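Student: One structure, as structure tokens, below. Some questions next.
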Amino acid sequence: MMMSGDDEDSSDKTMVLKTDPELSRKNKEELKGVDAILIIIKGTPMGHKILVNANEMVIGRDDTANITIADQSISRKHAKLVRVKKGNTEVITVTDLGSSNGTSVNGKAIKANETHELHKEDVLKVGNTSLKFLPAGEAETLAYGQMTDAANQDGLTKIYNKGYLLQVLEVEYKRIKSLGGDLGLIFFDLDHFKKLNDGFGHDAGDFVLKEFSNLIKTQHVRPKDIFARYGGEEFVILQLNTNLETSMQVAERIRAAIEKHEFIYDGKRLPVTSSIGVATLGPTINSATDLMKAADKALYASKTGGRNRVSTAS
């Protein structure tokens, strides 16, 4: 049953973000490239930032939706966001697609197939998930995006951190178990990293971690995948809607790319390779933790089997 405005959870009411003065001085040309965003302010993963960067984007819990939210109260195809020209400006509208549990804006329900224009600081509610809307081209949007990135990022490599990975893994595991589908996990460990640190110095080690992360992020990670630093020299890619064969192919391409890549620091090429473990859902996987353990076990097999190789959980 849809909730009325009086029933709206008070946690959906958010304060206007105070903008850093330096951001306020950014010129209009710089801010033109800042897309509108939605921030999950109630739901999982909390604080997740969603770019509204296409002319039409469907929100739903199905893998085929442009914005996939793992909330059982959300329909497979729940609502649609559309960019609309309004004079010399561009606005974002939301249309409910006949969802089971309804769509609301600031506590006011939108009827099926009804379209509503979103404004700055509006709270869009789909099912039980609430998202705060910030329009394109504004300093507040840039500042809030940077703030949520910082909460979910690893400080050194600027990819996702372990906390965010585990949160998304839990959510996606439950969604896949409920709706069906595949989920792949690729676990990396940089070979002999301590030896590299001891031999070339910690600055060289930090360089390798950042260079490795950038290589994988820019060439081997799809938009819906989650690439995170698990800790130290360990990294993980969570691959949505991906079977074992595909995950193994991706892992092998990454292994070869790392071996081939020239990690040059202070004029010297550093010896960098990676051991990789791959796991996907199967009859022995009964939780998100089981999937992580299976990938870790496969990683261990690669390390004990000679390193610089890919192994899979049996």
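Student: Looking at Gly137, Gly60, Gly107, Gly98, which one is buried (at least 16 other Cβ atoms within 10 Å of the Cβ), at pLDDT 90 or above and more than 19 Å from the chain's Cα centre (by Cα)?
Tutor: The unique qualifying residue is Gly107.
Student: Consider region 262-314. How many of its residues are under 13 Å from Tyr173 (Cβ atoms), part of a loop (DSSP other than H, G, I, E, B) and of a type outside the set (Val, Ile, Thr)?
Tutor: Matching residues across region 262-314 total 4.
Student: Follow-up. For region 63-82, give me each residue that is assigned to a loop (DSSP other than H, G, I, E, B) and surrounded by 15 or more Cβ atoms within 10 Å (Cβ to Cβ).
Tutor: Hits for region 63-82 are Asp63, Ala65, Asn66, Ile69, Ala70, Asp71, Ser73, Ile74, Ser75, Arg76, Lys77, His78.
Student: Tell me which of these Lys85 doesn't satisfy, since it passes every other one: (1) part of a strand (DSSP E or B); (2) crowded, with 20+ Cβ neighbours inside 10 Å.
Tutor: (2)
Student: Could you say which residue among Ile276, Ile264, Ile258 is out of contact with any strand residue (DSSP E or B) (no Cβ under 8 Å at 6 or more places or on another chain), farther than 17 Å from Tyr160 by Cβ and aliphatic (A, V, I, L, M)?
Tutor: Being out of contact with any strand residue (DSSP E or B) (no Cβ under 8 Å at 6 or more places or on another chain), farther than 17 Å from Tyr160 by Cβ and aliphatic (A, V, I, L, M) holds for just one of Ile276, Ile264, Ile258, which is Ile264.
Student: Just give me the residues in region 263-299 being farther than 20 Å from Gln239 by Cβ and open to solvent by 30 Å² or more (accessible area, probe 1.4 Å), in sequence order.
Tutor: Correct list: Ile264, Tyr265, Asp266, Gly267, Lys268, Arg269, Pro271, Thr273.
Student: Just a yes or no: is a residue in region 215-238 of a type in the set (S, T, N, Q), modelled with pLDDT under 95, out of contact with any Pro (no Cβ under 8 Å at 6 or more places or on another chain) and under 29 Å from Ile69 (Cα atoms)?
Tutor: Within region 215-238 (the criterion being of a type in the set (S, T, N, Q), modelled with pLDDT under 95, out of contact with any Pro (no Cβ under 8 Å at 6 or more places or on another chain) and under 29 Å from Ile69 (Cα atoms)), the answer is yes, since at least one residue qualifies.
Student: Identify all residues within region 174-219 that are open to solvent by 40 Å² or more (accessible area, probe 1.4 Å), farther than 24 Å from Arg61 by Cβ and within 18 Å of the chain's Cα centre (by Cα); write none if there are none.
Tutor: Hits for region 174-219 are Asn214, Lys217, Thr218, Gln219.
The values are calculated or read from the model by the stated rules, or taken from the named source; none is laboratory data. This is a predicted model, so every value here is computed, not measured. So basically every Cβ, Gly included, is an ideal-geometry build from the backbone, and we count neighbours across all protein chains shown. The area values use the complete protein model at the heavy-atom level, side chains included, leaving out ligands, DNA and RNA. Shrake-Rupley method; radii C 1.70, N 1.55, O 1.52, S 1.80 Å.
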